[in-house]
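K.L.:
First, the structure itself, so that you have it in front of you.
The values are calculated or read from the model by the stated rules, or taken from the named source; none is laboratory data. The structure presented is a predicted model; accordingly, all values stated were derived computationally and were not measured. Using ideal geometry, Cβ is built from the backbone for each residue, glycine included, and neighbour counts are taken over all protein chains shown. Protein only, heavy atoms only, side chains kept; ligands, DNA and RNA dropped before computing areas. Shrake-Rupley method; radii C 1.70, N 1.55, O 1.52, S 1.80 Å.
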Amino acid sequence: MLALPVVISQVGHTLVQFADSVIIGHFAGTISLAAVALGSNIFIIVMVIGLGISYGSTPLIAQLNGRNDYDECGKLLSNSLLINLITGILLFTATALSSAFLLQHLHQTPEVVRQAKPFLMLLGLSVIPMLIFNTFKQFAEGLGFTKQAMLISVWGNVLNIILGVIFVKGLFGVHPMGVKGVGYSTLIDRSIMAIAMSLYIFKSTRFKTYLNSFSIIRVSRKRCMQILRIGAPVALQYAFEISAFSGAGILIGTIGYHQQAAHQIALNMAGITYMMASGLSAAAAIKSGNYFGVKDHRTLRDSAISNYHIVIAFMFVTAFIFTLGNHILPWMYTTDKVVIDIAAQLLIIAALFQLFDGTQVVGLGILRGMGDVNVPTAITFIAYWVVGLPVGYLLGMPLHLGVNGIWFGLVLGLAVSAILLFLRFQFISKKHRDKTIAIIAQD
């Protein structure tokens, strides 16, 4: 019951990109879809860094709540909000600089770059309300309250779709905006979601006990460092993985805009299943944090193994869907047959890495709940930037396998990450379990 609302609210972040891609693909054409791909490839790195920082508070709040330390939970919320506001402003600045100076130096199709620039700026601005929303979302989820964030995410995505169609196509007297239209719809959607989630936290009586100690002007360096000691490595973990996929997308863009549009379709579909698995990962982090906080290491291990079983079963289903529907699913995005044929091949490769993608993100969540973040960060760097992307470049460019070769390299990176993270979990969980058994035996 804990995992399902978290999964749905996590998917909300990716469904924004899904809606943008579908609307643009059908109403604005292939070049515009490639522009969305280019802008999204840059922005998704910014987004996951912000999300990673915001995740730093959740396991801490889960552990404190397990010990009934309500005042400290409220104080952590104060510090988390400040950290996320500063992070949002810095990330917007980085996105603005990328839009102004970076895009034209990536050897992409000129018209694709022209359309991507304003889209990327609007996405960058939306990261600030997105992180405000996530601050309160992670606080509520750390305490076990997950349904409200889910509902806000669902209705936010409905609003994003409606506004996106109106702005892109130019309905009800609105001038057609093209790619900029989905940028505006995303910004408005995330701003409303931030307001709704913050009002829910401050108005609901269930959080009153926790908020007695909340004060945005009284922050503690110690608590900020607690959050960042978890959040910063988590941000790096996500950044290493997602930037490898974004780097692959930029590399594919040098081949051609048809390939870039097809990459956007396949990556967007894989991103939806990834964020579903990420929701399971977030739930696993919460439960691991609860059990770790009360030193119930045996139950922690049993719960973690159950999460591995759940994500494996789920990703088997998504792999089957990708394989069976590889020529059908791309039609949701475009009618360009060249793009559809390329995307169909990539969806078969995406089906291959579903199990690896699911198990590695759940592994990260379990270890995050236990406070183990530094070694997993090193693992993700090695998996994607030492193995995955270099092998993908070798297969795709010098060995002339093209976009498929680049994706095969990404599959290898995911496999390395999944295996090493599981071995890390086995080592850490058995060590804590054996220590608990030894203490019980002594007593």
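K.L.:
Taking the stretch 195-208 only, how many residues are open to solvent by less than 70 Å² (accessible area, probe 1.4 Å) and either under 17 Å from residue 47 (Cα atoms) or not aromatic (Phe, Trp, Tyr) (or both)?
P.N.:
5
K.L.:
Taking the stretch 93-107, which residues are open to solvent by 20 Å² or more (accessible area, probe 1.4 Å) and touching a residue at least 40 places away in the same chain (Cβ under 8 Å)?
P.N.:
Across the stretch 93-107, the qualifying residues are 94, 98, 102, 106, 107.
K.L.:
Answer with yes or no whether residue 108 is part of a loop (DSSP other than H, G, I, E, B), on the phi < 0 side of the Ramachandran plot and not acidic (Asp, Glu).
P.N.:
yes
K.L.:
Still on this structure, I have one more. Just to be sure I understand the filter: pairs with C-beta atoms under 7 Å, separated by 6 or more residues or on different chains, first member in the stretch 357-369 and closer than 12 Å to residue 423 by Cα, second member in a helix (DSSP H, G or I) and of a type in the set (D, E, K, R). Which pairs pass?
P.N.:
Close Cβ pairs satisfying both conditions: 367/424.
K.L.:
Then there is this: Considering each residue of the stretch 247-268, count those that are open to solvent by 20 Å² or more (accessible area, probe 1.4 Å) and part of a helix (DSSP H, G or I), and give that number.
P.N.:
Count: 7.
K.L.:
Sticking with this structure for a sec: At least 3 residues that are among the charged types (D, E, K, R) and either surrounded by fewer than 24 Cβ atoms within 10 Å (Cβ to Cβ) or in contact with a Phe, Trp or Tyr (Cβ under 8 Å, 6 or more places away or on another chain) (or both) in each: list the helices (runs of 4 or more DSSP H) lying fully within the stretch 329-394 that qualify.
P.N.:
none
K.L.:
Report those helices (runs of 4 or more DSSP H) wholly inside the stretch 1-98 carrying at least 3 residues which are at pLDDT 85 or above.
P.N.:
In the stretch 1-98, the matching helices (runs of 4 or more DSSP H) lie at 30-54, 70-97.
K.L.:
When residues of the stretch 117-132 are filtered for being in contact with a Ser or Thr (Cβ under 8 Å, 6 or more places away or on another chain) and either open to solvent by less than 10 Å² (accessible area, probe 1.4 Å) or free of Cβ contacts under 8 Å to residues at least 12 places away in the same chain (or both), how many remain?
P.N.:
Going through the stretch 117-132 one residue at a time, the tally reaches 6.
K.L.:
Has the stretch 228-239 got at least one residue that is within 24 Å of residue 330 (Cα to Cα) and crowded, with 23+ Cβ neighbours inside 10 Å?
P.N.:
Within the stretch 228-239 (the criterion being within 24 Å of residue 330 (Cα to Cα) and crowded, with 23+ Cβ neighbours inside 10 Å), the answer is no, since none of the residues qualifies.
K.L.:
Also: Inside the stretch 168-185, can you point out the residues that are modelled with pLDDT under 90, surrounded by 19 or more Cβ atoms within 10 Å (Cβ to Cβ) and of a type outside the set (Gly, Ala, Ser)?
P.N.:
Residues satisfying the conditions are 168, 177, 179, 182.
K.L.:
Still on this structure, I have one more. Answer yes or no: is there a residue in the stretch 294-313 that is open to solvent by less than 30 Å² (accessible area, probe 1.4 Å), assigned to a helix (DSSP H, G or I) and in contact with a Pro (Cβ under 9 Å, 6 or more places away or on another chain).
P.N.:
Checked the stretch 294-313: no residue is open to solvent by less than 30 Å² (accessible area, probe 1.4 Å), assigned to a helix (DSSP H, G or I) and in contact with a Pro (Cβ under 9 Å, 6 or more places away or on another chain).
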